[in-house]
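Novice: The following block contains the structure, expressed as structure tokens.
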């Protein structure tokens, strides 16, 4: 089975292999999209193919919509040359389920793939044509948080920027010149208040060009006024690892001939197939100026800005991210290399289950569109135990100092704001105590391990340097310097009434080899 428009005409062989094919006419949808495009997406990576493109696939299969997506890549052009065009823009989505089974589907919602840079003349001309078309409704992004960066050097390049948001703003200027046509710029990246990041970047370029006299003043008003151009927030959640060797082997055994992986010169791992977990969430602020594709038919939830913010806080502060961080800290110290393996550890599973339900859930704000209990239930019972998800505590532990204030500090602040008894918090303090022990870089067997990269690592390790992993009493007073750091923990833990408790727990964790397991079991089983 070859992944191409010609190859999928032999439907019987694909269906025998358990692979679902598009149920709509690809040629008709492709032509309509070419003539009247409604959706351009920047960022041709794995998350795009596994989620937004798959959502639209379901919409198209319903027969209630007839336009595909035009995808543009502004960073790694090899993706277009090697993972899209040789396969007629088709991809094979492999959904990895927690019970060990898989679903396979050919995604055909992408009708064109373009390189977003003027050096590729035909591609750029096509993007200009699309942006000048009144039919365009939505320009979306999965370019990572770093993709929204703006540099002074790029602003000084005027109308020839090199960074992706400069190029998008240049295309937006083409839409302005075509009649100040309405459009919505929609981030689908996993970062807080992501729409504001898009707006800030576009505004920076529009303002610089206006002040330099390169564009009329009306362009800045067009970008910032939000009557013609809007920048909704969204919350996206789906784990999409790089192409997995086990999946590759299964596809080869099924007779799929295009299962090879691709490594570009920019170190992007891609393939004609994309593997991802089955669980996914996309909640979007419904603020569009020129209509939008009916993505609710494919499972997207639309809401107001306040609701999107509540969903994000539910995920980041209670139902997912804190559990990840707890597992990363203790998983590294206990020698684990897979999150799914940690979920078979009674103490670790108990830690995050009880921490989530007993300690964090009482202060979570229910966003209404997603029930917190259902969300955390999916995390604990489907997502984290998934044996197909090759996610490691070492990866999740990256930049932990930058995450603790949001993932735990916000819950502590909520307890303060509601006047709740801090004695109700046991396992959250245990995680924070574990962080001091983690900073020593010594596992529970007394062996050194490599601590994940962190911008504050050297500074924080210096604080705990006087401590040793040994039996017997030792002076733990250096921890006052650590746990009073509101910039790390979101609050001064002593002022919050938790500092001494965290200190005492840390002393137990430092009490020689085996102390991590002993202390973890003690508090989890008692909770």
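The values are calculated or read from the model by the stated rules, or taken from the named source; none is laboratory data. Worth saying up front: this structure is predicted, and the values here are computed from it rather than measured. When we count neighbours, we look across all protein chains shown, and the Cβ atoms used for this are built from the backbone with ideal geometry, even at glycine.
Novice: So if I check each of 427, 384, 457, which one is modelled with pLDDT under 95, out of contact with any strand residue (DSSP E or B) (no Cβ under 9 Å at 6 or more places or on another chain) and not assigned by TED's automatic domain parsing to the domain that holds residue 235?
Specialist: Answer to the selection: 384.
Novice: Is there a residue in the range 190-200 that is in a strand (DSSP E or B) and under 17 Å from residue 304 (Cα atoms)?
Specialist: No - not one qualifying residue is present in the range 190-200.
Novice: Can I ask one more? Condition first: out of contact with any helix residue (DSSP H, G or I) (no Cβ under 6 Å at 6 or more places or on another chain) and either crowded, with 18+ Cβ neighbours inside 10 Å or assigned to a helix (DSSP H, G or I) (or both). Now tell me which residues in the range 452-466 satisfy that.
Specialist: Listed by number, the residues that qualify are 457, 458, 459, 462.
Novice: Do we have residue 500 as closer than 25 Å to residue 348 by Cα, free of Cβ contacts under 8 Å to residues at least 40 places away in the same chain and either surrounded by fewer than 20 Cβ atoms within 10 Å (Cβ to Cβ) or assigned by TED's automatic domain parsing to the domain that holds residue 411 (or both) here?
Specialist: Considered against the rule, which asks whether it is closer than 25 Å to residue 348 by Cα, free of Cβ contacts under 8 Å to residues at least 40 places away in the same chain and either surrounded by fewer than 20 Cβ atoms within 10 Å (Cβ to Cβ) or assigned by TED's automatic domain parsing to the domain that holds residue 411 (or both), residue 500 comes out as yes.
Novice: Just to be sure before I move on: is residue 395 under 20 Å from the mean Cα position of the chain (by Cα), under 30 Å from residue 364 (Cβ atoms) and assigned by TED's automatic domain parsing to the domain that holds residue 352 in the structure I sent?
Specialist: Spelling it out, residue 395 is indeed under 20 Å from the mean Cα position of the chain (by Cα), under 30 Å from residue 364 (Cβ atoms) and assigned by TED's automatic domain parsing to the domain that holds residue 352.
Novice: Suppose the filter is free of Cβ contacts under 8 Å to residues at least 40 places away in the same chain, more than 15 Å from residue 363 (Cβ to Cβ) and surrounded by fewer than 17 Cβ atoms within 10 Å (Cβ to Cβ); does residue 382 pass it?
Specialist: The answer is no for residue 382.
Novice: Something else: In this structure, is residue 433 at pLDDT 95 or above and farther than 17 Å from residue 328 by Cα?
Specialist: The answer is no for residue 433.
Novice: Let me ask another. So residue 252 ticks every box in (1) assigned to a loop (DSSP other than H, G, I, E, B); (2) free of Cβ contacts under 8 Å to residues at least 12 places away in the same chain but one. Which box is left unticked?
Specialist: If we test residue 252 against (1) assigned to a loop (DSSP other than H, G, I, E, B); (2) free of Cβ contacts under 8 Å to residues at least 12 places away in the same chain, just (1) comes out false.
Novice: What number goes with the only condition from (1) touching a helix residue (DSSP H, G or I) at 6+ places or on another chain (Cβ under 8 Å); (2) touching a residue at least 12 places away in the same chain (Cβ under 8 Å); (3) surrounded by fewer than 22 Cβ atoms within 10 Å (Cβ to Cβ) that residue 214 does not pass?
Specialist: Single failed check for residue 214: (1).
Novice: Let me ask something else about it. Looking at the range 275-313, which of its residues are assigned to a helix (DSSP H, G or I) and in contact (Cβ under 8 Å) with a residue 60 or more places away in the chain?
Specialist: Across the range 275-313, the qualifying residues are 295, 297, 298, 305, 307, 308, 309, 311, 312, 313.
Novice: Is it true that residue 291 is on the phi > 0 side of the Ramachandran plot and either at pLDDT below 95 or in contact with a strand residue (DSSP E or B) (Cβ under 8 Å, 6 or more places away or on another chain) (or both)?
Specialist: In short, no.
Results for (1) part of a helix (DSSP H, G or I); (2) more than 30 Å from residue 244 (Cβ to Cβ), shown as yes or no for each residue.
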residue	(1), (2)
340	yes, no
349	yes, no
355	yes, no
370	no, no
380	yes, no
385	no, no
414	yes, yes
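Novice: Continuing with this model, one more query. Tell me the residue from 469, 488 that is in a loop (DSSP other than H, G, I, E, B) and in the same structural domain as residue 351 (by TED's automatic domain parsing), please.
Specialist: Only one candidate qualifies: 469.
Novice: Collect the residues in the range 151-182 that are assigned to a loop (DSSP other than H, G, I, E, B) and surrounded by 20 or more Cβ atoms within 10 Å (Cβ to Cβ), keeping them in residue-number order.
Specialist: Listed by number, the residues that qualify are 161, 163, 181.
Novice: List pairs: first residue in the range 150-164 and touching a residue at least 60 places away in the same chain (Cβ under 8 Å), second residue outside any loop (DSSP other than H, G, I, E, B) and surrounded by 12 or more Cβ atoms within 10 Å (Cβ to Cβ) anywhere in the structure, Cβ distance under 6 angstrom, at least six positions apart or on different chains.
Specialist: Hits for this filter: 164/147.
Novice: Okay, next question. Between 361, 327, which is assigned by TED's automatic domain parsing to the domain that holds residue 445, more than 18 Å from residue 189 (Cβ to Cβ) and modelled with pLDDT of 95 or more?
Specialist: 327
Novice: Is it true that residue 185 is crowded, with 18+ Cβ neighbours inside 10 Å, closer than 20 Å to residue 276 by Cα, in contact (Cβ under 8 Å) with a residue 24 or more places away in the chain and in contact with a strand residue (DSSP E or B) (Cβ under 7 Å, 6 or more places away or on another chain)?
Specialist: Spelling it out, it is not the case that residue 185 is crowded, with 18+ Cβ neighbours inside 10 Å, closer than 20 Å to residue 276 by Cα, in contact (Cβ under 8 Å) with a residue 24 or more places away in the chain and in contact with a strand residue (DSSP E or B) (Cβ under 7 Å, 6 or more places away or on another chain).
Novice: Something else now. Quick one: residue 83 ticks every box in (1) farther than 19 Å from residue 214 by Cβ; (2) in contact with a helix residue (DSSP H, G or I) (Cβ under 6 Å, 6 or more places away or on another chain) bar one, so which box is it?
Specialist: Of (1) farther than 19 Å from residue 214 by Cβ; (2) in contact with a helix residue (DSSP H, G or I) (Cβ under 6 Å, 6 or more places away or on another chain), only one is false for residue 83: (2).
Novice: Here is a follow-up. One residue is enough: does the range 364-372 have a residue meeting the conditions within 23 Å of residue 488 (Cβ to Cβ), crowded, with 19+ Cβ neighbours inside 10 Å and assigned by TED's automatic domain parsing to the domain that holds residue 323?
Specialist: yes
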